[in-house]
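The values are calculated or read from the model by the stated rules, or taken from the named source; none is laboratory data. Here the structure is a predicted model, which means the values were calculated and not measured. All Cβ positions, glycine included, derive from the backbone under ideal geometry; neighbour counts span all protein chains shown.
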Amino acid sequence: MTEHVAHGADEMRAFGARLARALLTTPARESLLVTLSGELGTGKTTLVGGLLAELGHVGPARSPTYTLIEPYNLQGRDITHCDLYRLRHPDELDDLGLRDLRGAGSVLLVEWPEKAEGRLGAADLALTLEYAGVDARNLVAEARLPAGQAVLERL
Ligand SMILES: Nc1ncnc2c1ncn2[C@@H]1O[C@H](COP(=O)(O)OP(=O)(O)O)[C@@H](O)[C@H]1O
Ligand SMILES: [Mg+2]
């Protein structure tokens, strides 16, 4: 487990960029599930935006607030950003087509994983974001599986 403090959105994006580099140096054998937990406004989407930008996405991250899922192909990898806040029932996950996006080397980034009620399976890496005053956030990164541990060690 590691803990970080991000002062301001730029530092949050910078953490996302570090995470992107750590993900890329990890052998692309299996698919990685990275969950982002934390109240509204704690910076989950900001972190993902920094990660996508580091991998070459130009412009702001499209928001998956209503579509629930935004697929990208960056650096030859399927990177999928999900926001399950508006998921009404875990059964709806089947309709999102996530299974097709979880091949070798893919990365699934999920905001509000709790809404899936366990249907996503275990996360490789679980990130938890918390308010730390008005202009800062605490960020706890916890590896839950060996692949997540390998990423954490490269952060
Ligand atoms: N480390 C940080 N410190 C201060 N403000 C931040 C930080 N990270 C993000 N923000 C700001 O918090 C707001 C909400 O961020 P957002 O990423 O949309 O949160 P979430 O996806 O968790 O709901 C945005 O205005 C963003 O710029
Ligand atoms: Mg968000």
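Of all the numbered requirements in (1) outside any strand (DSSP E or B); (2) over 13 Å from the mean Cα position of the chain (by Cα); (3) in contact (Cβ under 8 Å) with a residue 60 or more places away in the chain, E130 misses one, and that requirement is (1).
Would you be able to say whether some residue in region 52-68 is within 16 Å of ligand 1 (Cβ to nearest atom), at pLDDT 95 or above, among the small types (G, A, S) and under 20 Å from K115 (Cβ atoms)? Scanning region 52-68, I find no residue that is within 16 Å of ligand 1 (Cβ to nearest atom), at pLDDT 95 or above, among the small types (G, A, S) and under 20 Å from K115 (Cβ atoms), so the answer is no.
Here the condition is being more than 16 Å from ligand 2 (Cβ to nearest atom), loosely packed, with under 13 Cβ neighbours inside 10 Å and either more than 12 Å from the chain's Cα centre (by Cα) or closer than 23 Å to A17 by Cβ (or both); of G97, G105, it holds for G97 alone.
For the criterion of being closer than 23 Å to N138 by Cα and surrounded by fewer than 20 Cβ atoms within 10 Å (Cβ to Cβ), G41 passes. If you go through region 52-81 and keep only what is in contact with a Phe, Trp or Tyr (Cβ under 9 Å, 6 or more places away or on another chain), within 15 Å of L101 (Cα to Cα) and not in a loop (DSSP other than H, G, I, E, B), you end up with D78, I79, T80, H81. Between A22, A6, the distinction of being touching a helix residue (DSSP H, G or I) at 6+ places or on another chain (Cβ under 9 Å), among the small types (G, A, S) and part of a helix (DSSP H, G or I) belongs to A22 only.
The listed residues are R119, R99, R154, R137, and the only one of them that is modelled with pLDDT of 95 or more and not hydroxyl-bearing (S, T, Y) turns out to be R137. Residues being of a type in the set (G, A, S), under 16 Å from R137 (Cα atoms), within 16 Å of ligand 1 (Cβ to nearest atom) and in contact with a Gly (Cβ under 8 Å, 6 or more places away or on another chain) are represented in region 12-27 by at least one member. If you take the residues in region 44-64 that are within 12 Å of L139 (Cβ to Cβ) and either of a type in the set (A, V, I, L, M, F, W, C) or within 10 Å of the chain's Cα centre (by Cα) (or both), which one is nearest to ligand 2 (Cβ to nearest atom)? Per the criteria, the residue is K44.
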